Amino acid sequence: MLSVILACDDPYKAADLFVERLGWRLVFATPADSDDRLACVGLGDARVMLGTAGEEFLPTEARPFRGAGVEVYVQLTASLPIEEVHRRHAEAGVVTRALATREWGERAFQFEAEGYRFMVAQDP
């Protein structure tokens, strides 16, 4: 399993967006006053780490390109209806592509948060 840490201006505010508006769950968050400011949010079995946009992880000159060419793929289990997940994301105003069935039967939609693109998908 590969884990990435997405560089966010404020990982705790980003976690609030995912949890409060998008319906994800907070897996953990380090204390706000720690030297390792990090939050982890989850949707189904998928987890996304949210870190800081400090120099050690995201140099100043790279900040305008944060998230360029990256799409985080989230595969939902059958127990979590993708229609409900899509509805919640659409209500939050982050959906960039409608929920659709792809050629091979997978249902998916895309959204953008914190400068990163996400694809949420579910097998038929």
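The values are calculated or read from the model by the stated rules, or taken from the named source; none is laboratory data. Since this is a predicted model, take the numbers as computed values, not measurements. Note that each Cβ is placed from the backbone with ideal geometry, even for glycine, and that neighbours are counted across all protein chains shown. SASA here: full protein model, heavy atoms, side chains in, ligands and nucleic acids out. Shrake-Rupley method; radii C 1.70, N 1.55, O 1.52, S 1.80 Å.
Listed values, structure above:
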read-out: Any hit, the stretch 27-35, residues being closer than 21 Å to Thr96 by Cα and at pLDDT 90 or above; value: no
read-out: Odd one out for Gly42 among (1) of a type outside the set (A, V, I, L, M); (2) at pLDDT below 90; (3) open to solvent by less than 30 Å² (accessible area, probe 1.4 Å); value: (2)
read-out: Unmet criterion (only one of (1) at pLDDT 90 or above; (2) more than 25 Å from Glu106 (Cβ to Cβ)) for Gly54; value: (1)
read-out: Only one of Phe57, Phe18, Phe28, Phe118 that is surrounded by fewer than 16 Cβ atoms within 10 Å (Cβ to Cβ) and touching a residue at least 40 places away in the same chain (Cβ under 8 Å); value: Phe57
read-out: Pick from the stretch 87-114, criterion open to solvent by 40 Å² or more (accessible area, probe 1.4 Å) and within 13 Å of the chain's Cα centre (by Cα), ranking: nearest to Cys8 (Cα to Cα); value: Glu114
read-out: Pair list, Cβ < 7 Å and 6+ apart or interchain, from the stretch 93-114 residues that are within 23 Å of Ile5 (Cα to Cα) and of a type in the set (S, T, N, Q) to residues that are part of a strand (DSSP E or B) and open to solvent by 70 Å² or more (accessible area, probe 1.4 Å); value: Thr96/Glu112; Gln110/Thr96; Gln110/Arg97; Gln110/Arg117
